[in-house]
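Student: Below are the structure tokens for one structure; questions will follow.
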Amino acid sequence: MFVEKHMLAAGTPYATPYYVISSGIPGPVFMMISGIHGNEPASSRAAQGIASRLSRGDLILRSGKLIIVPLVNQIARRKGIRGKPDLNRTFPRGQGTPASHPLSAAVWQLALRNRPSWVLDLHEANGLSQLNPKRVGQSLIISPASRAEGLAKQIVKRMNLTIPHRAYRFNIHYRERAGTSRMAFQRLLGARAVTVETCWSLDYAMRVRMQTEIVSHFLRSQGMIG
Ligand SMILES: [Zn+2]
């Protein structure tokens, strides 16, 4: 297993580290991005935690290649804001249409170079989806008719078995929104793309744990971790 750390958008104000973990064994290319929005800290903490465990050798990648961008939007994170413009509306909207922001363009180029078959985009949101179906906190979001649907449903079930408090359980949401990373990865790259959302109002450590568990379920389902 090789772990490389690189800079995305190197030499620009948007520069941010990313990790490429190669198992050396054939398998899926799996990409995980987090911190597209600057005010969703538990998701980036979870992604960085997984990258750090892999870097230290505490976690072993058994097959394929894993690409992790733990904190896409460093500037928004430092300000503690979602980010302006909303980076998750700036991804390419069609074949031949470029990303409309240097950061989403850099993420997109990274994806084009690596052609992931899976992409997880980790976020946090307001509100509990179990209490209000219009809210996406505690949900996995997929596009309608996504090839990720079966596995996303299984993972929601697995997660909910471990969450005694009903209001904190996860739901599946179906959304299609142009300019999001999920839609670009699915439509333009043919990847199975899932947006993971925990809810801001829950305990921070619990949110980090849930994000980590969800990612682990996805990686395990692909035979990439034990
Ligand atoms: Zn977000």
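The values are calculated or read from the model by the stated rules, or taken from the named source; none is laboratory data. Since the structure is predicted, the reported quantities are computational estimates derived from the model, not experimental observations. Quick reminder, even Gly has a Cβ in these numbers, built from the backbone with ideal geometry, and neighbours come from all protein chains shown. The area values use the complete protein model at the heavy-atom level, side chains included, leaving out ligands, DNA and RNA. Shrake-Rupley method; radii C 1.70, N 1.55, O 1.52, S 1.80 Å.
Student: Quick check on my filter: what residues within the stretch 188-204 are touching a residue at least 60 places away in the same chain (Cβ under 8 Å) and either open to solvent by 60 Å² or more (accessible area, probe 1.4 Å) or in contact with a strand residue (DSSP E or B) (Cβ under 7 Å, 6 or more places away or on another chain) (or both)?
Tutor: Ala191, Arg192, Ala193, Val194, Thr195, Val196, Glu197, Thr198, Cys199, Trp200, Ser201, Tyr204 - these are the residues of the stretch 188-204 that are touching a residue at least 60 places away in the same chain (Cβ under 8 Å) and either open to solvent by 60 Å² or more (accessible area, probe 1.4 Å) or in contact with a strand residue (DSSP E or B) (Cβ under 7 Å, 6 or more places away or on another chain) (or both).
Student: Could you please find all residues in the stretch 192-201 being assigned to a loop (DSSP other than H, G, I, E, B) and within 16 Å of Leu122 (Cα to Cα)? If you could, list the steps in order and put the result at the bottom.
Tutor: To start, the set of residues in the stretch 192-201 that are assigned to a loop (DSSP other than H, G, I, E, B) comprises 200-201.
Within the stretch 192-201, just Trp200 meets the criteria.
Student: Out of the stretch 210-224, which residues are buried (at least 21 other Cβ atoms within 10 Å of the Cβ) and closer than 19 Å to Leu66 by Cβ?
Tutor: Gln211, Ile214, Val215, Phe218, Leu219, Met224 - these are the residues of the stretch 210-224 that are buried (at least 21 other Cβ atoms within 10 Å of the Cβ) and closer than 19 Å to Leu66 by Cβ.
Student: Which of the residues belonging to the stretch 60-88 are open to solvent by less than 30 Å² (accessible area, probe 1.4 Å), more than 16 Å from the ligand (Cβ to nearest atom) and β-branched (Val, Ile, Thr)?
Tutor: Ile67, Ile68, listed by residue number.
Student: Restricting to the stretch 148-166, give me the number of residues that are aliphatic (A, V, I, L, M) and out of contact with any strand residue (DSSP E or B) (no Cβ under 8 Å at 6 or more places or on another chain).
Tutor: Of the residues in the stretch 148-166, the ones aliphatic (A, V, I, L, M) are 148, 151-152, 155-156, 159, 161, 163.
Restricting the remaining residues to those that are out of contact with any strand residue (DSSP E or B) (no Cβ under 8 Å at 6 or more places or on another chain) gives 159, 161, 163.
Residues flagged as aliphatic (A, V, I, L, M) and out of contact with any strand residue (DSSP E or B) (no Cβ under 8 Å at 6 or more places or on another chain) within the stretch 148-166 amount to 3.
Student: What tally of residues in the stretch 89-130 results from selecting those that are farther than 23 Å from Pro41 by Cα, open to solvent by 10 Å² or more (accessible area, probe 1.4 Å) and outside any helix (DSSP H, G or I)?
Tutor: So the answer is 10.
Student: Could you tell me which of the residues Arg182, Arg207, Arg175 is open to solvent by 70 Å² or more (accessible area, probe 1.4 Å), under 25 Å from Val107 (Cα atoms) and either touching a strand residue (DSSP E or B) at 6+ places or on another chain (Cβ under 9 Å) or modelled with pLDDT of 95 or more (or both)?
Tutor: Numbers: Arg182 fails: open to solvent by 70 Å² or more (accessible area, probe 1.4 Å); Arg207 fails: open to solvent by 70 Å² or more (accessible area, probe 1.4 Å).
None of the others qualify; the one that does is Arg175.
Student: Determine if the stretch 84-93 includes at least one residue that is of a type in the set (A, V, I, L, M) and either under 16 Å from the mean Cα position of the chain (by Cα) or at pLDDT below 95 (or both).
Tutor: yes
Student: Tally time: how many residues in the stretch 12-59 are within 16 Å of the ligand (Cβ to nearest atom), in contact with a helix residue (DSSP H, G or I) (Cβ under 7 Å, 6 or more places away or on another chain) and open to solvent by 30 Å² or more (accessible area, probe 1.4 Å)?
Tutor: Qualifying residue count for the region: 1.
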